[in-house]
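The values are calculated or read from the model by the stated rules, or taken from the named source; none is laboratory data. On a predicted model such as this, the values are computed, not experimentally measured, just so you know. For neighbour counting, all protein chains shown are included, and Cβ atoms are generated from backbone atoms with ideal geometry for every residue, glycine included.
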Amino acid sequence: MNNKQSNDPENEASTQSAHSVTRRDFIRMTLLTAGAIAVAKATPVLAGRGTVTRYPLRFPPPASPYNSFSLTAAPGTADLGGGKYSSVLAYNGYFPGPTFRANRGDTASIQFTNGLSEATSVHWHGMVVPTNADGQPQNLVAPGTSYLYSFPIIQRACLNWYHPHPHMETGKQVVLGLAGAFIVNDAEEAALGLPSGAYEVPLIVRDVNFDSAGNIIYNPTSSGYLAKNPMVNGTRDPYLNVDTAVYRFRVLNGASARLFKLVLSNGAPFTLIGNDGGLLETAVQVSQIEFSPGERLDLLVDFRQLAVGATVMLQDLNTGWNLLEFRVTRQVTDTYTIPTALSTVTKLSNPLRTRLFSFDSTVYHYEVIESRENTLVQFRWYDTH
Ligand SMILES: [Cu+2]
């Protein structure tokens, strides 16, 4: 159980100049120039509840990434809701894959077997791991073979995710189903008593295209894979029964190329408590929030003022899609107060060195000059046509 209430402190102020760009902005700009522009001009048309038949949101099973936990990637079949089956690629038969949960200070040990007909790897997106455990394109696992991924968990509490990373095949393998969540917990987070158990819900939000038989297809264009249908946790048109309580949603943008701008249909705010790097220093209330592929959000949503029988839709303002319907089905007493201070984030120190990154293609030339350890302070972009 949990019990919370929110604060509305200041946002994280940027200390960078008008011409500076963060690493995330850089990735976002790259995505935009690569073709997500189509998203930006989409007109939001929010449909409300409508008459769509909805299916229970599916949850990947929890798993402990210890003692050579056996993880296998292989072709499979998944019910995407209401008996709509699709051929997929799955981890241990699950779509999405099992949700790993581990504690800082532990050592993860996962024995991975490639049951696909092509090479793959497991990349631990967001995790701080040694190179030989990072599943990079140069470290592939051949079909029919196995590899032990082992790494100490040395980072702050946060939501990460795992997916294949073979050169030129990553998009296809992820879209067809190979992705799962990896949650890291630590003592600082535990002391906050954030919503847990049934009140902590991982949401893998993505888009998807189907062939005429209802099977997922990977059919990217030059703009990437911008698909026509939303899907959450591998469920089409999902709903989730909720109590009159505060929930913690661990949200991953699991799309290949699409930016989602999340909003609640009843106008209620989200309380943002964390992102890719873990907990923020203080909670921030936001009415909407946009996030890009691979990005994670740690959101609290307060359903306490709603009556049993009410519904609230999680929507995407960029497309007008209804992503997930919350159905208030049970009255409970929840008195939790969201703490003012969530975490202590150590600031980066003074510049260590200056490095120039140059990214070239036949279309664009990027230069990124980094003069802090983790901050990109200059960004140049040339059209080479
Ligand atoms: Cu990734």
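Exactly one residue out of Arg248, Arg206 is outside the structural domain of Val88 (by TED's automatic domain parsing), surrounded by 23 or more Cβ atoms within 10 Å (Cβ to Cβ) and modelled with pLDDT of 95 or more, and it is Arg206.
In the set Leu259, Leu299, only one residue is within 16 Å of the ligand (Cβ to nearest atom), hydrophobic (A, V, I, L, M, F, W, C), at pLDDT 95 or above and surrounded by 19 or more Cβ atoms within 10 Å (Cβ to Cβ); that residue is Leu259. Of the residues screened, Ala74 is one that is of a type outside the set (Ser, Thr, Tyr), touching a residue at least 40 places away in the same chain (Cβ under 8 Å), surrounded by fewer than 18 Cβ atoms within 10 Å (Cβ to Cβ) and closer than 24 Å to Ser256 by Cα.
Is it the case that some residue within region 217-234 is surrounded by 18 or more Cβ atoms within 10 Å (Cβ to Cβ) and among the basic types (Lys, Arg)? Looking for residues that are surrounded by 18 or more Cβ atoms within 10 Å (Cβ to Cβ) and among the basic types (Lys, Arg), one finds none in region 217-234, hence no.
Is it the case, given these coordinates, that Ala255 is in a loop (DSSP other than H, G, I, E, B), without any contact (Cβ under 8 Å) to a residue 12 or more places away in the chain and in contact with a Ser or Thr (Cβ under 9 Å, 6 or more places away or on another chain)? No; evaluated as a whole, the condition is false for this residue. Being in contact with a Gly (Cβ under 9 Å, 6 or more places away or on another chain) and not aliphatic (A, V, I, L, M) is the filter here, so list the residues in region 208-225 that pass it. Correct list: Tyr218, Pro220, Thr221, Ser222, Ser223, Gly224, Tyr225.
Looking only at strands (runs of 3 or more DSSP E) that fall completely inside region 101-200, which ones have 2 or more residues that are more than 15 Å from the ligand (Cβ to nearest atom)?
On the way: elements: 107-114, 123-125, 146-152, 158-163, 180-185.
Fully inside region 101-200 and qualifying: 107-114, 146-152, 180-185.
Pro339 meets all of the listed conditions (1) away from the ligand (no atom under 16 Å from the Cβ); (2) at pLDDT 95 or above; (3) out of contact with any strand residue (DSSP E or B) (no Cβ under 7 Å at 6 or more places or on another chain) but one, namely (2). Among the candidates Thr333, Thr337, Thr319, the residue that is hydroxyl-bearing (Ser, Thr, Tyr), buried (at least 20 other Cβ atoms within 10 Å of the Cβ) and part of a loop (DSSP other than H, G, I, E, B) is uniquely Thr319.
Condition first: of a type in the set (Gly, Ala, Ser) and surrounded by fewer than 16 Cβ atoms within 10 Å (Cβ to Cβ). Now tell me which residues in region 181-202 satisfy that. I'd like the intermediate steps shown before the answer.
Applying the first criterion (of a type in the set (Gly, Ala, Ser)) to region 181-202 yields 181, 187, 190-191, 193, 196-198.
If the condition is that a residue be of a type in the set (Gly, Ala, Ser) and surrounded by fewer than 16 Cβ atoms within 10 Å (Cβ to Cβ), then Ala187, Ala190, Ala191, Gly193, Ser196, Gly197, Ala198 are the ones that fit.
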